[in-house]
Amino acid sequence: MAEAAVTVYGQIPFGQTATGAAAQPTRVVNAFNDTVLNPPPIPNPPLPTAFPLALQRDVASTPGLSTPHVGGGFFGFSIEMSVINQVRTTHLYVPFLNLLSNLAERAGSVVIRLGGNTQEFATLVPELPDGRTFGKEDSGTTQTTRTPAVLYTVDMFYMMSNISAMLPVKWFLGIPFNDSTTWRLQIAENAQRILGDNLLGLQAGNEPDFYQQFGRRTEYSPQAYFTEIGQLIQTIDANPNIPVKNKLVGPSVATGPWTPEVVWETGFIDTYKDRLYALSVEHYPDNNCDAIFRPELGRNKDPQELFPGYLTHASAVDLVRPYLNSGNLAVAAQKPLIMFETNTASCGGFQGISDSYGAALWALDYGYQMAYGNFTHALLHVGGQNVFYNVTPPTNMSTFNQWTVGAIFYSTMILAETFGQSNTARIVDLNPNQGNPLTPAYGIYERDVLSKVALFNFVTDPSGNSDLKVAISIPNAGVPGSVRVKYLEAASVSQKFNITWAGQTFGNRFEVDGRLRGDVNVVEITCDRTANACVIPVKAPGFALVFMDSAAAASVGQASHTFATTAFTRLHNTVSVASQVLETSNGHNATNRKKYGSSSKGSVVGNDATGLTLSPVVAHGVAVLIAFAAAGVMLR
């Protein structure tokens with residue numbers, strides 16, 4: 001196992017004093033909400049618990065498979081630019097590196113988008129007070145989320161480049177669309193110059209179907225958006241500082257006032273496909289906007305009533321159905337289709353739902369269903385500390401070994417492990433058990449043969465009476481002698497902690513350093529070749545990933561590349577380190593510091609920063625830190 005040492009200075013960066021390991025935030029923000037809901041009742045009549053699941057051995061015999069999924073995992077992260085100022089950019093958080101490494105170990109790379117509503121007003125400035133990289137001011141928007149305007153400096157790009165120099169992170173950014181008469185293309189210019197190949201694409205408009213409603217345009221239509229894209233392309237063509245001209249991502253409609261089809265009908269794909277990196281949409285299953293932004297209206301939704309709706313295969317199917325045509329069009333155009341922004345609910349998610357084991361099962365099913373519908377990636381969105389599905393550091397309690405990883409992070413890791421790095425993985429919805437929505441299943445094929453089977457049980461039943469026994473069969477006595485199974489386990493769909501993947505966990509609240517704990521527990525199940533059946537048990541609730549021919553992949557646990565940590569300069573929550581070790585660690589010797597990269601202009605040229613030869617004090621990738629919060633990563 002490779003380890004890289006990182007020195008952490010001043011690990012409590014908020015100018016406050018922690019009072020001990022049990023200290024709590026001074027006010028309970030949504031990100032730390034402890035609401036635990038009741039699981040839905042056990043089905044009555046009981047669901048069928050023993051059922052056959054017949055699969056074909058190869059893709060030639062399996063109709064309806066998705067397009068092959070190319071690396072980078074499936075789930076990525078979408079970070080709202082306006083929340084980045086909630087974390088200082090002067091600290092490298094080691095747990096973030098370890099979490100990212102666990103995803104990269106499985107997927108090969110990780111995809112992150114820095115943008116959202118706030119990208120539309122983002123403005124590059126020469127500098128900000130106190131050397132900050134990000135700032136905010138009133139944008140004057142009337143939209144639901146009261147989006148501020150983001151001010152940023154060129155250090156943002158160097159910060160991103162330094163992160164990509166340490167770990168395989170690829171980025172999306174967004175071109176501001178609030179003024180289409182004078183395009184602000186500095187974000188495209190600097191991104192291409194500094195990020196190089198680590199920049200995947202540039203979003204051209206964020207939810208343009210809401211532009212008129214939110215007051216960004218007096219009148220707006222799909223044809224008007226089509227015209228503005230043409231004008232943007234002309235401006236990019238005339239700009240020598242944007243040498244790569246085919247990085248655009250769009251149309252990113254929210255499927256609110258418009259559907260994707262009304263944009264496709266303008267000729268968007270055929271006209272602009274040579275200038276597009278990918279097609280994109282954005283969508284959430286629900287919203288919690290009234291509770292967060294308009295509580296005085298008394299129209300709050302009850303999470304307890306909504307919870308069962310997330311614990312059914314129908315949720316994933318209904319969410320993806322409107323985009324099946326777009327998926328086919330993307331395949332025909334040979335372009336990726338990306339769900340550029342999603343999560344359990346817009347405006348921050350729901351208490352008790354968004355950070356539960358049930359949400360992890362929902363995210364798995366939704367992710368697989370999107371992949372089946374020919375989506376290439378889906379980016380889980382991040383807001384600020386007022387949301388339920390993620391956390392930014394709202395208090396001083398942010399030491400390197402006191403993070404909290406929420407349930408959905410396990411989902412991102414499992415999907416990365418499912419599709420792997422072969423670039424050949426294809427998936428099909430098996431619709432088993434006579435289509436019972438509480439027991440979905442998927443088949444995954446790699447290199448044209450059956451590789452894995454994903455099994456779900458959305459029911460919570462501690463009696464064991466709702467545990468499943470799924471009999472997998474392959475024609476012509478095709479089952480192997482045995483299979484290996486990894487389980488995502490928790491006692492209830494409403495549970496928030498004590499969640500394990502293959503026997504390993506990141507730890508419970510305020511226990512996490514980003515590394516998986518415990519031994520990998522891969523269950524080997526002997527198949528009955530005479531009966532041509534591999535019977536797989538799945539608890540209620542539960543998820544099982546069955547490895548049919550991938551014994552080596554099944555053993556993947558903690559990433560081989562981890563980051564160890566030391567701490568100094570604080571009298572509380574620190575680790576003692578010998579001075580001779582500290583003064584020479586990672587470039588902090590004053591005589592050597594100038595040799596190492598930083599997030600300052602000139603310290604990284606293109607993608608030439610290598611290894612750990614960058615100063616952790618200034619290289620902290622706050623954008624990625626918050627990105628992991630999208631999957632439920634909490635920072636104490």
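Worth pointing out:
- Single condition LEU455 does not satisfy, out of (1) surrounded by fewer than 16 Cβ atoms within 10 Å (Cβ to Cβ); (2) under 22 Å from the mean Cα position of the chain (by Cα): (1)
- Check on ASN433, surrounded by fewer than 24 Cβ atoms within 10 Å (Cβ to Cβ) and modelled with pLDDT under 95: no
- Flag for LEU415 being at pLDDT 95 or above, closer than 24 Å to ASP286 by Cβ, open to solvent by 20 Å² or more (accessible area, probe 1.4 Å) and aliphatic (A, V, I, L, M): no
- Answer from ASP286, ASP302, ASP290 - the residue that is out of contact with any Lys or Arg (no Cβ under 6 Å at 6 or more places or on another chain), buried (at least 16 other Cβ atoms within 10 Å of the Cβ), among the acidic types (Asp, Glu) and closer than 30 Å to ILE353 by Cα: ASP286
- If you filter region 221-243 down to residues that are of a type in the set (Ser, Thr, Tyr) and under 31 Å from the mean Cα position of the chain (by Cα), you find that the one that is nearest to SER161 (Cα to Cα) is TYR225.
- Of the candidates ARG517, ARG447, the single residue that is touching a Phe, Trp or Tyr at 6+ places or on another chain (Cβ under 9 Å) and open to solvent by 50 Å² or more (accessible area, probe 1.4 Å) is ARG517.
- When the test is whether a residue is hydrophobic (A, V, I, L, M, F, W, C), in contact (Cβ under 8 Å) with a residue 40 or more places away in the chain and farther than 25 Å from PHE75 by Cβ, ALA291 passes it.
- Only a single criterion out of (1) open to solvent by 40 Å² or more (accessible area, probe 1.4 Å); (2) assigned to a loop (DSSP other than H, G, I, E, B) is not satisfied by LYS469, namely (2).
- Selection of first residues in region 178-206 that are more than 20 Å from LEU279 (Cβ to Cβ) and of second residues that are at pLDDT 95 or above and hydroxyl-bearing (Ser, Thr, Tyr), restricted to Cβ pairs under 9 Å at least 6 apart or on distinct chains, gives the following pairs, ordered by first then second residue: TRP183/THR235; LEU185/THR235.
- Test: residue in region 331-347 that is open to solvent by 10 Å² or more (accessible area, probe 1.4 Å), in a helix (DSSP H, G or I) and in contact (Cβ under 8 Å) with a residue 40 or more places away in the chain: yes
- Any hit, region 307-314, residues being under 19 Å from ALA254 (Cβ atoms) and out of contact with any strand residue (DSSP E or B) (no Cβ under 7 Å at 6 or more places or on another chain): no
- Condition check for GLN223: without any contact (Cβ under 8 Å) to a residue 12 or more places away in the chain, open to solvent by 20 Å² or more (accessible area, probe 1.4 Å) and over 30 Å from LEU37 (Cα atoms): no
- Residues satisfying the stated conditions in region 186-208, i.e. open to solvent by less than 10 Å² (accessible area, probe 1.4 Å) and over 20 Å from the mean Cα position of the chain (by Cα): ILE187, ALA188, ALA191, ILE194, LEU195, ALA204, GLY205, PRO208
- Looking only at residues in region 520-560 that are assigned to a strand (DSSP E or B) and small (Gly, Ala, Ser), the one that is surrounded by the fewest Cβ atoms within 10 Å (Cβ to Cβ) is ALA533.
- Test result for GLU296, over 19 Å from ASN431 (Cβ atoms) and touching a His at 6+ places or on another chain (Cβ under 6 Å): no
- Qualifying position, being among the polar types (S, T, N, Q) and touching a residue at least 60 places away in the same chain (Cβ under 8 Å), among ASN532, ASN521, ASN508: ASN508
The values are calculated or read from the model by the stated rules, or taken from the named source; none is laboratory data. All values reported here derive from a predicted model rather than from experimental measurement. Reconstructed Cβ throughout: ideal geometry from the backbone, glycine too, with neighbour counts over all protein chains shown. Side chains included, ligands, DNA and RNA excluded: accessible areas come from the protein's heavy atoms. Shrake-Rupley method; radii C 1.70, N 1.55, O 1.52, S 1.80 Å.
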